[in-house]
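Novice: Structure incoming, see below.
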Amino acid sequence: MPELPEVETVRRGLVKSCIGKKIIDVEVLHRRATNPRSLSPLNVAVGSTINNVSRRGKFLWFELDRPIALVAHLGMSGQFRIHDKQNEVVPAHKHVRTRFTLAQDGRGARTTDLRFIDQRTFGWLAICEYRDGVPELVSKIARDIFDPEFDSKKIVAKFRSKRTEIKRALLDQNLMSGVGNIYADESLWRAKIHPQSQASELSARKISGLLDTVRVVMSQALVEGGTSFDSLYVNINGESGYFERSLEVYGREHQHCSRCGGEIRRIAFAGRSSHFCPICQRR
Ligand SMILES: [Zn+2]
């Protein structure tokens, strides 16, 4: 599932290829591609120009030259793919859910094909109004760790007030957004914290160190273009990320811990799984 580094990689690609372009057509090919909370059908965006592409946590939105946003969530397997019709034959893709035709003002017939592809259909698009500077559907999502207004001290205190396991707190998008299963496991390993440790029993220093680790791990993943662990995540040009080569615990059950040589374990956690080293990460 795409987490912050993957969504940010997609956002950067969209910024490069979509800013300043006009949406001249929207073709919805699957009903689940539109979030039921969308204010209107996606084609109200036709005629608008894309001013920017923004992100909070795992949510993306296209800022338009209108007081509405086109919000996107990649869900489990959502992808944006860009095809410049001038230069290439666009191959058919059976999981295309929505297709946008973009045009550069003043460039005549030259158009770009922006596709939202989603094999598992948990991803969605929506038309949304703004509230406090962010689209309404994103307004309840907590700031992510790269947000300039992210308040580390406040978040550490919030984590410590939670009577829950630290991994559950890391995944809670209402506390801090953007972290999913892969980066939670990797960060906990690096910070030497057991995923089932009680958040309220960890010192402020330990949690603060964990947040620093999350920032470092996700920054490294961004440099590598994200993690294409299940091969469903690719950037807007269809290329995979390389961070899975740097994974220390996620998906490495029964392999040796690179730090202590112990055996990496996988346990069931919140309907998914946690990977950790029982020697380095004691409770
Ligand atoms: Zn270890």
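Since every read-out is calculated from the coordinates, none of them should be taken as a lab result. All figures in this text were calculated on a predicted structure; none of them were measured in a lab. Because the Cβ atoms are built from the backbone with ideal geometry, glycine has one as well, and the counts that use them run over all protein chains shown.
Novice: In whole Hz and in residue order, list the ³J(HN,Hα) couplings for the stretch 71-78 that follow from phi through the Karplus curve 6.51 cos²θ - 1.76 cosθ + 1.60, θ = phi - 60°; x for Gly and Pro.
Specialist: 9, 9, 10, 7, x, 7, 9, x
Novice: Along the charge dipole of the chain, pointing to its positive end and built from +1/-1 on Cβ of Lys, Arg, Asp and Glu, which listed residue (C277, F146, F62) has its Cα farthest out?
Specialist: Of the options given, the answer is C277.
Novice: Right, something else. Given R₀ = 51 Å, FRET efficiency for S203-I19 by Cβ-Cβ distance, to 0.05?
Specialist: In this case the efficiency is close to 0.70.
Novice: Counting other beta carbons within 10 Å of each residue's own, what order do M76, M1, M176 fall into, fewest first?
Specialist: M76, M1, M176
Novice: Turning to a different aspect of this structure: Using 0.36 nm times the number of residues separating R32 and Q119, minus their current alpha carbon distance, what extension gain do you get?
Specialist: Length difference between fully extended and current span is 30.2 nm.
Novice: Within the set K167/K206; K140/K167; K140/K206, which residue pairs have Cα atoms separated by over 25 Å? Present the calculation step by step, with values, prior to reporting the outcome.
Specialist: Details: K167/K206 14 Å; K140/K167 21 Å; K140/K206 27 Å.
Violating the 25 Å Cα-Cα cut-off are K140/K206.
Novice: What Kirkwood radius, in Å to one decimal, follows from the Cα pairs of the stretch 152-276?
Specialist: Roughly 15.0 Å, rounded to one decimal.
Novice: Next question, about the same structure. Could you list which residues have their amide H under 5 Å from that of T111, counting only those 5 or more apart in sequence or on another chain, with H placed in the peptide plane?
Specialist: Under 5 Å from the amide H of T111: K85, Q86.
Novice: With contacts defined as alpha carbon pairs under 8 Å and 6 or more residues apart, what's the relative contact order of the chain in percent?
Specialist: 19
Novice: Pick from R265, R37, R215: which residue has the top mean-square fluctuation in a GNM of the chain where Cα pairs under 10 Å get a spring?
Specialist: With Cα springs under 10 Å in the chain, the top fluctuation among R265, R37, R215 is at R37.
Novice: Give, rounded to the nearest 20 debye, the magnitude of the charge dipole that the chain has about its Cα centre when Lys and Arg contribute +1 at Cβ and Asp and Glu contribute -1 at Cβ.
Specialist: On the way: 45 positive and 32 negative charges, 147 e Å.
That gives the chain a dipole magnitude of about 700 debye.
Novice: Report the net charge of residues surrounding I267, where surrounding means a beta-carbon distance below 15 angstrom and charges are Lys +1, Arg +1, Asp -1, Glu -1.
Specialist: Residues near I267 contribute +4 overall.
Novice: How high is the relative contact order of the stretch 152-276, given as a whole-number percent (alpha carbon pairs under 8 Å, six or more residues apart)?
Specialist: On the way: 172 pairs, mean separation 26.8, N = 125.
Over the stretch 152-276, the number comes to 21 percent.
Novice: Please state the relative contact order of the stretch 4-138 as a whole percent: Cα pairs under 8 Å, 6+ residues apart?
Specialist: For the stretch 4-138, the relative contact order is 31 percent.
Novice: Let me ask something else about it. When the helix-only estimate is applied to the chain (DSSP H runs of n ≥ 4, each -39,500 (n - 2.57), divided by the residue count), what is the mean residue ellipticity at 222 nm, nearest 500 deg cm²/dmol?
Specialist: Computed mean residue ellipticity for the chain: -6500 deg cm²/dmol.
Novice: Taking each pair of distinct Cα atoms in the chain once, what is the resulting Kirkwood hydrodynamic radius in Å?
Specialist: Answer for the chain: a Kirkwood hydrodynamic radius of 19.9 Å.
Novice: By a straight-distance test (C-alpha under 14 Å), which aspartates and glutamates pair with K192 as possible cross-link partners, with residues fewer than eight away in the same chain excluded?
Specialist: D212, E248
Novice: Quick check for you: which residues of the stretch 148-171 have the amide N under 18 Å from the point 7 Å beyond the Cα of D132 toward its beta carbon?
Specialist: 148-159
Novice: Net charge near R245: determine it from the other residues with C-beta under 14 Å of the C-beta of R245, scoring Lys and Arg +1 and Asp and Glu -1.
Specialist: With Lys, Arg at +1 and Asp, Glu at -1, the neighbours total -3.
Novice: Could you tell me the distance between the Cα centroids of the stretch 165-213 and the stretch 1-41, to the nearest Å?
Specialist: Spelled out, the Cα-based centre of one part sits 30 Å from the other.
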